[in-house]
Amino acid sequence: MPKLEVKNIAAFYGRAQALQDVSLVVNPGETVALLGANGAGKTTTLKVISGLVRAARGEVLFDGKRLTGKSPESIVTMGIVHVPEGRHLFPGLTVQENLYLGSTPRKLSRAKMKGEIDRIFQLFPALGQHLKQHLDRPAWALSGGQQQMVAVARGLMANPKVLLLDEPSLGLAPIIVKQLFQVIGRIGQEGTTILLVEQNAPMAFSVSQRAYVIEAGKVTVQDTVEQLRQNSAVRNAYLGLGGEESRSGEGEIATS
Ligand SMILES: Nc1ncnc2c1ncn2[C@@H]1O[C@H](COP(=O)(O)OP(=O)(O)OP(=O)(O)O)[C@@H](O)[C@H]1O
Ligand SMILES: [Mg+2]
């Protein structure tokens, strides 16, 4: 079973350094959350893994094989699928066409693709079943929540070994967020390894076994979700529990 290892990654946009030193591990079958404030480097970390941003230092290993330096296409083919921030569906294409595009790395026949859509929509509650009746609608005509479901479903069409999810809950109503996390929980239970970037820490914790906190391009906290729920700094900053004292300034979160 493949394991994803990110080791001492540094990354730049031009001269601006986005990642200083990011290391993390996602074990086979695990769901791991990556938390952090705006601009901390969460998206960049996912982009380095999926080959969209080049690492200036460090390496990414999958199943012991080096991903660093490989093209995004070959990384997808190896089974690492990135569902980007902001959905990025093709608005003029139908839901079905968007889903078909997700299966491109597998080169499936049309009949097989249809079968895959049926299989994937089994994972989805009401909203997914509803979507099935809208396969021929253009993506632009869907609600934000429906679009996010389609974006996740499109990622699943590639039959990922590892799913990289970037802020799936962003901009969605609480009830839709709940449904979406039910889907993510099921995907994880079915054995897909997941690295989940989220600002909604309570929801992220509900489906994850471990989590990392990234601040200014560095991992500052890593622990099991069980331990992090007890960590007063994490409770204050990410779970909205406890007092306000540790929220002041840009200070780093204590790891103890
Ligand atoms: N395309 C880009 N060009 C230049 N700088 C960028 C680019 N994308 C991100 N950055 C910078 O890199 C740093 C990390 O950004 P990143 O998008 O990884 O943060 P993030 O943790 O995903 O934030 P958010 O929660 O807002 O999505 C930030 O300082 C950001 O301004
Ligand atoms: Mg981001």
How would segment 46-125 be classified by its alpha-carbon gyration tensor: rounded, prolate or oblate, with rounded meaning a/c under 1.5 and the a/b versus b/c comparison settling the rest? prolate
I want the antiparallel fraction of DSSP beta bridges within the chain, as a percent rounded to 5. 55 percent
Taking Cα atoms of segment 39-192, Rg/Rh with Kirkwood Rh, to two decimals? 0.96
Ignoring everything except DSSP H segments at least 4 long, calculate the 222 nm mean residue ellipticity for the chain; use -39,500 (n - 2.57) per segment, divide by total residues, nearest 500. -9500 deg cm²/dmol
Highest mean first, how do 209-215, 7-13 rank when packing is the count of other Cβ atoms within 10 Å averaged over residues? 209-215, 7-13
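Every number in this text was worked out from the coordinates using simple rules, so none of it is lab data. Bear in mind the structure is a predicted one, so any value in this text is a computation, not a measurement. Cβ sites come from the backbone with ideal geometry, for glycine too, and all protein chains shown count toward neighbours.
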